[in-house]
Amino acid sequence: MSVLVYAENTDGKFKKPVYEVVSYAKAIADSLNTSLAAVSIGDVDEADLAALGSYGASTVLHVTSEQLRQFVNQAYASVIAAAADKLSADVVVISNSFSGKGLAPRVAAKLNAGLADGAVELPQVDGGKLTVKKTAFSGKAFAITELTSAKKVITLNPNAFELRETGGSAQVEAFQPTVAQGDLATVIEDIVRTTDKVTLPDAEIVVSAGRGLKGPENWHIVEELAEALGAALACSKPVSDAGWRPHSEHVGQTGIAVSPNLYIAIGISGAIQHLAGVSSSKTIVVINKDPEAPFFKVADYGIVGDAFEVVPKLTAAIKAR
Ligand code: FAD
């Protein structure tokens with residue numbers, strides 16, 4: 001028995017959610033008195049693979065194959081399931097990232113495993129049962145899911161679990177499972193938008209604005225605040241629908257779900273569909289001129305005021321620190 005974690009890489013590099021998911025899986029392995037192994041697919045430096053050991057992985061199965069250069073859900077899921085079979089892993093942990101959301105149910109189906117997606121806390125262990133607290137209904141609620149099946153798959157929300165460095169280095173082993181041609185049948189076109197800015201799903205701080213900004217010509221005040229904080233930019237749906245901002249910045253029920261440490265909402269009313277994608281943020285700051293704006297109900301800090309006065313002052317104060 002062991003716990004397996006899928007270590008997803010982006011262009012050959014591991015990002016913070018991978019170390020979170022390894023730390024989380026290690027904590028599960030410890031509570032089950034077993035070891036943690038990781039599986040990584042694609043070209044990643046051996047030193048980076050071994051460094052997963054500093055978060056608790058004792059072994060890393062490294063899969064490199066020309067066929068798997070491009071991400072294909074079905075094929076990657078087969079590889080993760082094959083790794084779980086090889087190690088007799090009872091629990092597989094995957095980040096609840098874009099690709100993790102597609103992989104986890106496929107891995108669960110292949111292993112005949114129970115699935116809890118979007119975990120926000122360590123599960124409670126009771127014999128062979130894991131009780132997992134997870135987000136439900138697009139983040140509008142929490143659900144407690146009991147996994148009673150022999151095999152279990154859990155996805156962890158980004159920013160939901162702290163990094164836990166344990167020290168040490170993982171042993172890296174080559175792993176070459178056979179991938180069926182049928183698993184490679186879906187061709188996915190990757191459109192990569194390169195940017196030197198922080199990307200939204202990984203961001204620890206998000207500065208987001210809505211229709212209260214009146215128009216795209218005013219976005220510089222939001223951009224300046226985001227730059228001062230090293231934050232990613234986001235927006236409400238009507239803003240991206242109107243073409244003021246790109247759709248890649250739209251957060252909420254029908255957009256990207258984020259859970260940063262700090263979410264600053266400027267001129268956004270706080271409609272339930274918007275909150276669905278942002279309410280698991282650790283700290284929410286709302287700037288709105290309407291004291292009755294629904295967003296204030298979920299805010300940790302609120303500023304009732306005109307964004308055009310408040311935001312430049314906030315930016316200046318942050319820059320002065
Ligand atoms: P508004 O509701 O117009 O609010 C603007 C806010 O700005 C107001 O609170 C106002 O007081 C404030 N304001 C105005 N001027 C200033 C100023 N000078 N300074 C400070 N504050 C000011 N929305 C999403 O965001 N994401 C989604 O994923 C999403 N999915 C949806 C799915 C469905 C099926 C439906 C029906 C709707 C969805 N919506 C979504 C839309 C959602 O219901 C709201 O209409 C939308 O979130 C409102 O956007 P907003 O807050 O920017 O605009």
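Qualifying trypsin sites (Lys or Arg not before Pro) in the stretch 33-114, where qualification requires a DSSP coil assignment and no more than 11 other C-beta atoms within 10 Å, comprise Arg69. Could you tell me whether the stretch 1-119 comes out rounded, prolate or oblate from its Cα gyration tensor? Rule is a ≥ b ≥ c as square roots of the eigenvalues, rounded for a/c under 1.5, then prolate if a/b exceeds b/c, otherwise oblate. Rounded, since a/c falls under 1.5.
Checking the a/c ratio against 1.5 first, then a/b against b/c, what shape does the Cα gyration tensor give for the stretch 176-321? Prolate shape, in that a/c is at least 1.5 and a/b is the bigger ratio. Taking a ≥ b ≥ c as the square roots of the eigenvalues of the Cα gyration tensor, the stretch 50-179 is prolate, since a/c reaches 1.5 or more and a/b is larger than b/c.
Phi angles across the stretch 284-289 convert, under the Karplus curve 6.51 cos²θ - 1.76 cosθ + 1.60 with θ = phi - 60°, into 3J(HN,Hα) values of 10, 10, 10, 10, 8, 7 Hz, Gly and Pro given as x. Test of understanding: in a Gaussian network model of the chain with alpha carbons linked when under 10 Å, which of Val304, Val187, Val91 would top the mean-square fluctuation ranking? Ranking Val304, Val187, Val91 by mean-square fluctuation puts Val187 first. Amide H to amide H, with H built 1.01 Å from N, Ile303 comes under 5 Å of Val286, Ile287, Asn288, counting only residues 5 or more places away or on other chains. Charge tally around Lys13: other residues with Cβ under 9 Å, Lys/Arg +1 each, Asp/Glu -1 each, net -2.
Between Ala136 and Ala320, the modelled labels are 4.8 nm apart [label points 7 Å from Cα along Cα→Cβ].
Applying a DSSP loop filter and a limit of 15 other Cβ atoms within 10 Å to the chymotrypsin sites (Phe, Trp or Tyr not before Pro) in the stretch 39-143 leaves Phe137. Sequence-distant contacts, meaning Cα pairs under 8 Å at least 6 residues apart, place the relative contact order of the chain at 15 percent. Stokes-Einstein D for the chain at 37 °C, 0.692 mPa s, Kirkwood Rh over Cα pairs, in µm²/s? Answer from the Stokes-Einstein relation: 158 µm²/s. Against the chain, whose longest principal axis is taken from its Cα atoms, helix 16-31 shows a tilt of about 50°. Separation of the stretch 201-274 and the stretch 42-108, taken as the distance between their Cα centroids, equals 32 angstrom.
Taking the Cα centre of the chain as origin and assigning +1 to Lys and Arg Cβ atoms and -1 to Asp and Glu Cβ atoms, the resulting dipole is close to 700 debye.
Sequentially through the stretch 53-70, phi angles give Karplus couplings (6.51, -1.76, 1.60; θ = phi - 60°) of x, 6, 10, x, 6, 8, 9, 10, 8, 10, 10, 10, 7, 4, 5, 9, 4, 9 Hz, Gly and Pro residues having no value and appearing as x. Of the residues Ala27, Ala293, Ala116, the one that moves most in a GNM of the chain with alpha-carbon contacts below 10 Å is Ala293. With 28 Å as the limit, write out which pairs from Lys15/Lys289; Lys101/Lys282; Lys110/Lys134; Lys110/Lys237; Lys237/Lys289; Lys13/Lys313 have Cα-Cα distances beyond it, or answer none. Cα-Cα > 28 Å for Lys15/Lys289; Lys110/Lys237; Lys13/Lys313; rest within. For the residues Thr178, Thr283, Thr135, a GNM of the chain with alpha-carbon springs under 10 Å puts the largest fluctuation on Thr178.
Each stretch of four or more DSSP H residues adds -39500 (n - 2.57); spread over every residue of the chain, this sum gives -7500 deg cm²/dmol at 222 nm.
Here Asp241, Asp48 are placed in order of increasing Cβ neighbour count within 10 Å, fewest first, which gives Asp241, Asp48. Extension gain, Ala109 to Glu227, is 38.2 nm, computed as 0.36 nm per intervening residue step minus the present C-alpha separation. Label positions at Tyr301 and His247, each projected 7 Å from the Cα along the C-beta direction, are separated by 3.5 nm.
How large is the dipole of the stretch 114-243 about the Cα centre if only Lys and Arg carry +1 and Asp and Glu carry -1, each at its Cβ, rounded to the nearest 20 debye?
580 debye
Read-outs: derived from the displayed coordinates by stated rules, not from any lab. Since the structure is predicted, the reported quantities are computational estimates derived from the model, not experimental observations. No Cβ is skipped: glycine too gets one built from the backbone with ideal geometry, and neighbour counts run over all protein chains shown.
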